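Shown next, in structure tokens, is the structure this report addresses.
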Amino acid sequence: MIIAIDGPAASGKGTLGKRLAAHFALRHLDTGLLYRAVAKALIDGGHPLDDRGRAVAAAQALDPEKFDEKVLKDHAIGEAASIVSAIPDVRAALLAFQRDFAAAPPGAVLDGRGSSVRAPT
């Protein structure tokens, strides 16, 4: 089972997503954290946020199990994520990541804003 929740900021997507994931024994993914994690990886490495190659590499190396949600939700990381999210190759890599995450057993609940949540094909 795959559940995708789309909505504006602070609308309860994350709370609902976590509850549904627990109820159905599925994994949960906040897709917005993916972009934030890529931005943080670039910042931590001292790389420019618009470095396409390094941003794509960071996107391909993500491990949501290691995400520190509090750190990733920092305002500065959010602003940096906006820059990273404008890179088409990063968007493509993270879309592939989301699809792979959702397709893996036993399924998943994904939540995010706008185009950050994509149903697998």
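Every read-out reported here was derived from the displayed coordinates using simple, explicitly stated rules and does not represent laboratory data. Remember, it's a predicted structure, so these values are computed and weren't measured experimentally. Positions of Cβ are generated from backbone atoms using ideal geometry, with glycine treated the same way; all protein chains shown enter the neighbour counts.
A compact table of results
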| quantity | calculated |
| --- | --- |
| Among Asp50, Asp30, Asp74: highest mean-square fluctuation, GNM of the chain, C-alpha pairs under 10 Å | Asp74 |
| Distance histogram for the stretch 14-121 (every C-alpha pair counted, 10 angstrom bins, percent rounded to whole numbers) | 15, 49, 29, 6, 0 |
| C-alpha long axis of helix 13-24 to longest principal axis of the chain, angle in ° | 50 degrees |
| Cβ-Cβ FRET estimate between Glu69 and Ala96, R0 fixed at 30 Å, reported to 0.05 | 0.85 |
| Cα→Cβ-extended label distance, 7 Å offset, between Leu16 and Arg113, nm | 1.6 nm |
| Point-to-point label distance, Phe24-Arg54, nm (Cα→Cβ direction, 7 Å offset) | 3.9 nm |
| Qualifying aspartates and glutamates (Cα of each under 12 Å from Cα of Lys73; at least 8 residues distant if same chain) | Asp30 |
